[in-house]
Amino acid sequence: MFKKTDEKYRDYRFENIKPLLIKSYKKLNDYKRGILTKWNSENKEHYAKLVKTKGVSFEAIILGDDYFITTIDIVILMHFYKLPLVLMYQQKNKIKTFAMTNETDYYMYIKVKAKTQFLLHISDSKEGKSLRFYNNDQKDVLLKEISVLTIKDYFEDPIL
């Protein structure tokens, strides 16, 4: 996702993204409680417990070899680096979408299958022309209902 937005990220690997995550998490002290809540819902309960009970820093956790990317990490990177991503997820019988920026000519769509499983779809336009949909109704719903959220909105919504 970084590669498509800026050429300097072309050869980035997860190890290169960890410092970006650390820098971003440090700016979110006001949302520490929200971060821990999201971590608890994304199979990162162990990390949340370490922060809460032992005072381990976000930096130490992210630098650990066993740290893995979940939705919260993608949202945080979307926010701080203005990544043209749209997250799509199933909520009851509806497909919901949200982005952190609308200052782009195109979006990359990420389908959140589970809190730790993602499918990336790259579109060359805001209209999602290269995306494959099961039917036109699904396409219309997805492309009309992209909500642009703030980081505050994200942490206040228990479902996202």
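The values are calculated or read from the model by the stated rules, or taken from the named source; none is laboratory data. None of these values were measured; they are calculated from a predicted model. All Cβ positions, even for glycine, are placed from backbone atoms using ideal geometry, and neighbour counts span all protein chains on display.
Remarks
- Ile69, sole failed condition from (1) free of Cβ contacts under 8 Å to residues at least 40 places away in the same chain; (2) under 16 Å from the mean Cα position of the chain (by Cα); (3) surrounded by fewer than 17 Cβ atoms within 10 Å (Cβ to Cβ): (1)
- Selection of region 12-27 for residues being at pLDDT 95 or above and assigned to a loop (DSSP other than H, G, I, E, B) yields only Lys27.
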